[in-house]
Every structure is written in C-alpha cells, then in structure tokens.
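> So that we are looking at the same thing, I have put the structure below in structure tokens.
The values are calculated or read from the model by the stated rules, or taken from the named source; none is laboratory data. If you're wondering where the values come from, they're calculated on a predicted model, not measured in any experiment. Quick reminder, even Gly has a Cβ in these numbers, built from the backbone with ideal geometry, and neighbours come from all protein chains shown.
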Amino acid sequence: MILRSVFWLGVAFLVVRPGMDTPVSFEATGAAMVSAGRQVIAEQIAATPCFDIQCAGLKAVGLTVLSPAPAPILVPSSAIPSAGLPMQDAPASGLAPVPRPRPAWMG
C-alpha cells in the first residue's frame, strides 16, 4: 500500500513539476511511442518469411502503411480565422424577442 502510494506520488510529481509544459511534453512522448511501436511492428512484418504472392503483397502493404508519416504542416495561429468572442463573453445583441402587438380588430 505504501509502495503504491509512493509510486503514484512520484508520477504526480513528474507530471506537475514546475517548469514542465505538459501538453507539449505529452504530445512529444506520445509521438515517440507511436513511432517506436510502428518501427517494432514493421520489423516483425519484415522478418516474417513469405512463400506466396499473397503474403508478399500483404507484407508490402503493411510496410507501406507503417512507414513514417510525413511531417505535419504547421499553420501559424495568426492565419487561422477567429470567430470572435465566445457566445458567453459576447455582449447581448438585443433583448429577448417580443411578440407583435395584437391587431385592432382582436380587441
């Protein structure tokens, strides 16, 4: 019980330690893990012996799919159009809709 508590407190300290940019850190760690996983799977597929054309074709498709993805195109945040203020922060454009007055013939 104490050992488990020490482990989770250590993990919490690593996540919340001062000076750590968590979203960037998690994104980089996740990308590294996905890349390493793809590499391991590609190595396993390449090491599998094939004796017929169907196996060779599936092997080629699998290796193509697992090849490293191209670098993402980064768009500067100034180029992304903004919709303005969120609805809760925007000033009220007017009062609530008011029904039309009754016609004179209705009394």
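> Tell me which residues, restricted to region 1-26, are charged (D, E, K, R) and modelled with pLDDT of 80 or more. Write out each step before concluding.
Here is the first cut: in region 1-26, the ones charged (D, E, K, R) are 4, 17, 21.
The one that is charged (D, E, K, R) and modelled with pLDDT of 80 or more: R4.
> Same structure again: Please find, within region 45-66, the residue that is nearest to the chain's Cα centre (by Cα) out of those that are outside any helix (DSSP H, G or I) and within 27 Å of M33 (Cα to Cα). Step through it out loud before you land on a result.
Here is the first cut: in region 45-66, the ones outside any helix (DSSP H, G or I) are 48-52, 66.
Filter again for within 27 Å of M33 (Cα to Cα), leaving 48-49, 66.
On the way: T48: 33, P49: 36, L66: 19 Å.
Looking at residues that are outside any helix (DSSP H, G or I) and within 27 Å of M33 (Cα to Cα), I get L66.
> Answer with yes or no whether Q54 is modelled with pLDDT of 85 or more and out of contact with any Phe, Trp or Tyr (no Cβ under 8 Å at 6 or more places or on another chain). Step through it out loud before you land on a result.
Details: modelled with pLDDT of 85 or more: yes; out of contact with any Phe, Trp or Tyr (no Cβ under 8 Å at 6 or more places or on another chain): yes.
Spelling it out, Q54 is indeed modelled with pLDDT of 85 or more and out of contact with any Phe, Trp or Tyr (no Cβ under 8 Å at 6 or more places or on another chain).
> Is it true that some residue in region 58-69 is among the charged types (D, E, K, R), exposed (fewer than 10 other Cβ atoms within 10 Å of the Cβ) and modelled with pLDDT of 80 or more?
Residues of region 58-69 among the charged types (D, E, K, R): 59.
Restricting the remaining residues to those that are exposed (fewer than 10 other Cβ atoms within 10 Å of the Cβ) gives none.
No, the conditions are met nowhere in region 58-69.
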